[in-house]
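Here's the structure, in structure tokens; my notes come after.
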Amino acid sequence: MEDKTKRSLIEELSNTFHKSTAQDSRYEERTGSLAGKDPSLDEVSRESRTEIPVDKDVYSKIMHNDWRAYIVRNPDLKVNDTLVFRELNGLTQTGQFQIKTVSYVIREPGLKDGYVVAGWKVI
């Protein structure tokens, strides 16, 4: 076994795992539009993030894991979508935010049209 320097190992790994093309980009790789498409990523092309501005009291409950679900106005919400809760102080954004990945979606007849209950796991 030959001795390799750290730099040569990094170059070798880089060449092994990343075959660059002229049109290569992270977006294209994630959506599978390049050769070597990953069939498990077929639905990544759709927008999967929902931004939700919430009052600081609600934001605190979400941040401290008192709430593990929220009623969201997005009828197309699916499991593994991302919810971005942005804290508001009155009508002003504070710059604080929490990101949650949807673990389950409940669509019930008792909810107003266009609304779903989205829940997430606490890690």
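Close Cβ contacts (under 9 Å, 6 or more residues apart or on different chains) running from residues in region 101-112 that are under 12 Å from Ala69 (Cβ atoms) to residues that are assigned to a loop (DSSP other than H, G, I, E, B) and aromatic (Phe, Trp, Tyr) comprise Val102/Trp120; Ser103/Trp120; Tyr104/Trp120.
Mind listing whichever residues of region 56-73 are among the basic types (Lys, Arg) and open to solvent by less than 100 Å² (accessible area, probe 1.4 Å)?
Here is the first cut: in region 56-73, the residues among the basic types (Lys, Arg) are 56, 61, 68, 73.
Within region 56-73, Lys56, Lys61 qualify.
Within region 68-100, the residues that satisfy the criterion of being over 11 Å from Glu51 (Cβ atoms), of a type in the set (D, E, K, R) and out of contact with any Ser or Thr (no Cβ under 6 Å at 6 or more places or on another chain) are Arg68, Arg73, Asp76, Lys78, Lys100.
Within region 84-107, identify whether any single residue is at positive phi and open to solvent by 60 Å² or more (accessible area, probe 1.4 Å), and answer yes or no.
Checked against the condition, which is being at positive phi and open to solvent by 60 Å² or more (accessible area, probe 1.4 Å), region 84-107 yields no hits at all.
The values are calculated or read from the model by the stated rules, or taken from the named source; none is laboratory data. These numbers come from a predicted model, not from an experiment. Neighbour counts are summed over all protein chains in view; Cβ atoms, including those assigned to glycine, are modelled from backbone coordinates with ideal geometry. These accessible areas exclude ligands, DNA and RNA; they are computed on the full protein's heavy atoms, side chains included. Shrake-Rupley method; radii C 1.70, N 1.55, O 1.52, S 1.80 Å.
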